[in-house]
Amino acid sequence: MMRPCTLLCLAFLALVPVTRADDKPAESSARWMAEHYTKYEYRIPMRDGVRLFTRVYLPKDTSQRWPILLTRTPYSLKPYGTDNYDAPEGSLLSFAKDKFILVTQDVRGRYGSEGTFEHVRPFQVEKRTPQQVDESSDAWDTIDWLVKNLPNHNGNVGMFGISYPGFYTSMGMIDTHPALKAVSPQAPITDWFINDDAHRNGALLLVQNFSFFAAIDQKVADPLHESGPGYTFGTADGYDYFLRMGPLANSDAQLLKGRSPFWNTVLAHPNYDAFWQARDIRPHLKNVRCAVLTVGGWYDAEDFPGTLDTYRRTEQQNPGITNVVVIGPWIHGGWSRTPGDRLGDVGFRAKTSEYYLREIELPFFRRYLKGDQSYQPVEATMFETGTNRWRKFDAWPPKAAQPRTLYLGAGGTIGFAAPDAEAGACDEFVSDPAKPVPYTMTRTTRYPKDYPVEDQSFATSRPDVLAYTTGVLEEDLTIAGPIKVTLQVATTGTDADWVVKVIDVYAGDTANPDPNPTGVIYSGYQQLVRADVMRGRFRNSFEHPEAFVPGKVTKVELTMPDICHTFRRGHKLMVHVQSSWFPLIDRNPQTFVDIAKAKPEDYRRQTHRVYRSPEAASRLEVLVLPSP
């Protein structure tokens with residue numbers, strides 16, 4: 001899901017760049033757009049009579065017919081007015097220069113469009129009457145109107161969008177319109193409870209959603225020209241702010257005070273009930289009859305699981321179509337808004353976004369919308385971090401990857417040898433909700449875009465974080481695919497979160513980067529590679545949570561999103577296990593209560609154990625690629 005400009009605006013700005021009087025590149029880009037395109041605005045009728053506001057840029061070059069490229073968004077089409085041109089960037093600039101008919105639409109109930117907006121509007125399986133509408137039918141009706149009414153097009157339509165617009169792209173390809181030939185859902189939302197923006201395995205993503213829903217729910221008198229006020233924290237210290245908030249119930253009672261109805265809706269549905277299940281798009285990704293390019297970033301902290309799920313479900317449920325995936329070293333939407341050459345302290349030694357736009361995205365749409373056969377689709381194009389190189393595979397995960405198991409061991413070790421410890425061997429730590437483990441050292445009320453690669457030394461040193469480390473690697477270790485985690489645990493409480501992090505520990509003699517804009521020291525740097533959380537009550541079912549029996553050894557499993565990372569020779573692989581990750585996720589009281597209704601006394605300090613004996617082995621199952 002994309003955040004408005006006050007929050008995380010990468011993909012949104014790729015669709016609607018901001019033009020300022022003192023921003024000469026944007027001004028010149030908008031001027032270029034006016035010189036080469038004519039802007040039109042329409043209100044396109046849907047089957048139920050609701051009209052959706054739609055902006056169209058038609059190439060002034062009429063020497064041939066051009067394909068249509070459609071994006072549907074909840075984030076506005078500002079600036080409105082046929083005389084007001086915006087400045088395309090990233091993907092849109094690439095498409096504009098190659099001459100596509102560029103169409104962008106306010107979705108139902110947003111900005112210039114009529115109707116009622118509904119977050120991730122559920123798919124309607126049965127559409128027997130004109131009133132049974134969803135985002136799939138709105139996309140169909142829009143495409144149908146475009147091909148019947150726009151001049152000088154070649155009959156081919158494509159769709160693309162990042163984050164929330166990625167969700168609308170996915171919905172648009174279901175029961176594909178005959179004119180729709182190619183789509184690219186990029187960082188698309190799929191399921192707001194099990195993964196993606198709102199939750200991770202049932203744990204609420206607090207800092208990512210609090211101010212987002214407060215902002216998107218705001219109403220203004222003139223939405224085409226005004227913007228609603230963002231949430232004001234009055235401090236830069238998000239950790240302290242949300243800790244002083246106290247129980248989660250105070251988020252509305254004391255802070256939002258009713259200004260975000262959907263925030264309260266989220267809290268009112270603490271389990272994977274019918275409300276959330278209806279918003280799971282994955283089972284509906286069927287009857288897709290166009291080429292699909294799914295795009296995501298390894299370091300997308302919002303919708304990376306949705307990228308993987310969209311690719312896999314489309315593959316499973318639509319055999320025989322062209323369905324390919326690209327994943328680079330990018331943040332949320334970074335392939336369209338950043339050079340992709342670095343993230344925080346970590347450099348990638350190439351402008352990966354430029355490569356993607358030039359060599360993959362534009363050629364993909366040229367092939368299926370313009371008939372340019374020079375581009376040959378590849379099943380999986382993945383940027384391998386660690387070695388910093390693009391790799392191409394005929395399947396994902398790669399067929400050559402072999403399953404191996406890393407076991408947690410005594411003395412803070414981890415390795416491929418099965419444990420031989422005595423029965424009951426374990427490590428323990430005390431988890432105190434009053435002193436949760438921070439997820440970043442950056443002082444912010446948002447989330448820093450580079451936290452997915454941040455040095456984890458600050459956490460390794462904490463007594464409430466268990467750290468397990470391999471010896472120095474004697475050869476490169478490349479892990480490609482999902483990571484299945486099995487923890488054998490016990491707690492003195494009745495609930496707990498289980499956070500697992502996979503970390504690349506650099507060699508002591510690793511040279512600092514040159515140039516070194518952040519002043520980082522690479523010697524012993526503990527780069528986060530992947531992290532995820534399981535809210536323990538959902539270990540057996542997201543629909544029916546279960547309390548822990550205090551002191552009983554219990555299995556907790558989670559599958560971490562894929563990686564394609566090489567731990568270099570001389571480095572070490574480290575794993576963290578902890579029970580808080582604040583304020584990225586809300587605090588677990590560690591008592592089995594409805595967390596949205598928890599009282600201060602429900603938040604209790606508990607002791608957790610992680611077992612590592614042969615009969616109760618905690619482990620990570622990975623897929624390892626052979627060294628070249």
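The values are calculated or read from the model by the stated rules, or taken from the named source; none is laboratory data. Everything numeric in this text was worked out from a predicted model, so none of it was measured. Heads up, the Cβs are rebuilt from the backbone with ideal geometry, glycines too, and the neighbour counts pull from every protein chain shown. Keep in mind that these areas ignore ligands, DNA and RNA; they rest on the heavy atoms of the full protein, side chains included. Shrake-Rupley method; radii C 1.70, N 1.55, O 1.52, S 1.80 Å.
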Requested in this report: Provide the FRET efficiency to the nearest 0.05 for the Asn516-Ala418 pair, computing r from the beta carbons and using R0 = 60 Å.
Outcome: 0.90
Query raised in the report: Based on the Kirkwood radius over alpha-carbon pairs, what value in µm²/s does the Stokes-Einstein equation return for the translational diffusion coefficient of region 383-476 at 20 °C and 1.002 mPa s?
Result: 123
Report summary line: The simple spin-label model distance between Thr116 and Thr62, using points 7 Å out along Cα→Cβ, in nm, is 4.4
Query raised in the report: Relative to a virtual label point 7 Å from the Cα of Arg244 in the Cα→beta-carbon direction, which members of region 433-476 show backbone nitrogen distances below 16 Å?
Result: 443-446
**Report entry** Ordering of 506-517, 483-494 by packing [mean C-beta count within 10 Å, highest first]
**Finding:** 483-494, 506-517
Query raised in the report: Rounded, prolate or oblate: which fits region 402-625 when a ≥ b ≥ c are the square roots of the eigenvalues of the alpha-carbon gyration tensor, with rounded for a/c under 1.5 and prolate only if a/b beats b/c?
Result: oblate
Query - Between helix 164-173 and the chain: long-axis angle, C-alpha atoms, 0 to 90°, nearest 10 - result: 70
Requested in this report: Using 0.36 nm per residue of separation minus the Cα-Cα distance, give me the extension gain between Arg128 and Asp372 in nm, one decimal.
Outcome: 83.9 nm
Query - Magnitude of the charge dipole, the chain, Cβ model with Lys/Arg +1 and Asp/Glu -1, debye to 20 - result: 860
Report summary line: Sorting Ala434, Pro283, Ala34 by the position of each Cα along the dipole of the chain (Lys, Arg +1; Asp, Glu -1; all at Cβ), the one nearest the positive end of that ordering is Ala34
Query - Qualifying aspartates and glutamates (Cα of each under 18 Å from Cα of Lys449; at least 8 residues distant if same chain) - result: Asp196, Asp197, Asp237, Asp300, Glu302, Asp303, Asp341, Asp345, Asp532
Query raised in the report: How many Å³ per residue does the convex hull of the Cα positions in the chain occupy?
Result: 154
Query raised in the report: Pulled fully out, how much extra length does the chain show between Lys552 and Arg569, if you take 0.36 nm times their separation in residues and subtract their Cα-Cα distance?
Result: 2.1 nm
**Report entry** Angle in degrees between helix 304-317 and the longest Cα principal axis of the chain, rounded to the nearest 10
**Finding:** 70
Report summary line: Placing each pseudo-label 7 Å from Cα in the direction of the beta carbon, Lys392 and Ala278 end up separated by a distance in nanometres of 4.5
Query - Spin-label zone in region 562-591 - amide nitrogen under 14 Å from a point set 7 Å from the Cα of Arg604 along the C-beta vector - result: 589-591
Report task. Using a/c under 1.5 as the rounded threshold, could you call region 258-300 rounded, prolate or oblate? The axes a ≥ b ≥ c are square roots of the C-alpha gyration tensor eigenvalues, and prolate needs a/b larger than b/c, oblate otherwise. Result -> prolate
Report task. Using a 1.4 angstrom probe, figure out how much accessible area region 402-625 has per residue, in square angstrom, rounded to the nearest whole. Result -> 40
**Report entry** Reach of Lys555 by Cα under 23 Å, taken over lysines that are not fewer than 8 positions away in the same chain
**Finding:** Lys484, Lys501
Query - Per residue solvent-accessible surface (Å²) - region 284-361, probe of 1.4 Å - result: 31
**Report entry** Anchor Lys39: lysines whose Cα lies under 28 Å away (excluding residues fewer than 8 positions away in-chain)
**Finding:** Lys24, Lys60, Lys78, Lys97, Lys99, Lys148, Lys181, Lys219, Lys370
Report task. Go through 198-211, 544-557, 102-115 and give me the packing order, highest mean Cβ count within 10 Å leading. Result -> 198-211, 102-115, 544-557
Report summary line: Nearest-0.05 FRET efficiency for Ala410 and Ser28 at R0 = 56 Å, using Cβ-Cβ distance, is 0.30
Report task. Sort region 199-277 into rounded, prolate or oblate with this rule: let a ≥ b ≥ c be the square roots of the eigenvalues of the Cα gyration tensor; rounded if a/c is under 1.5, and if a/c is not under 1.5, prolate when a/b is larger than b/c, oblate otherwise. Result -> oblate
Report summary line: For 48-57, 400-409, 123-132, ranked highest to lowest by mean beta-carbon neighbours within 10 Å, the order is 48-57, 400-409, 123-132
Query raised in the report: Given Pro74, Trp298, Ile44, which one lies farthest toward the positive end of the charge dipole of the chain, if we put +1 on the Cβ of every Lys and Arg and -1 on the Cβ of every Asp and Glu?
Result: Ile44
Query raised in the report: Among Leu620, Trp498, His571, whose Cα lies farthest out toward the positive end of the dipole of region 402-625, if unit charges sit on the beta carbon of Lys, Arg (+1) and Asp, Glu (-1)?
Result: Trp498
Report task. Could you tell me how many degrees, from 0 to 90 and to the nearest 10, lie between the Cα long axis of helix 24-36 and the main elongation axis, the longest principal axis, of the Cα atoms of the chain? Result -> 40
Report task. Tally up the carbon and sulfur contribution to the accessible surface of the chain as a whole percent, 1.4 Å probe, everything protein left in place. Result -> 49
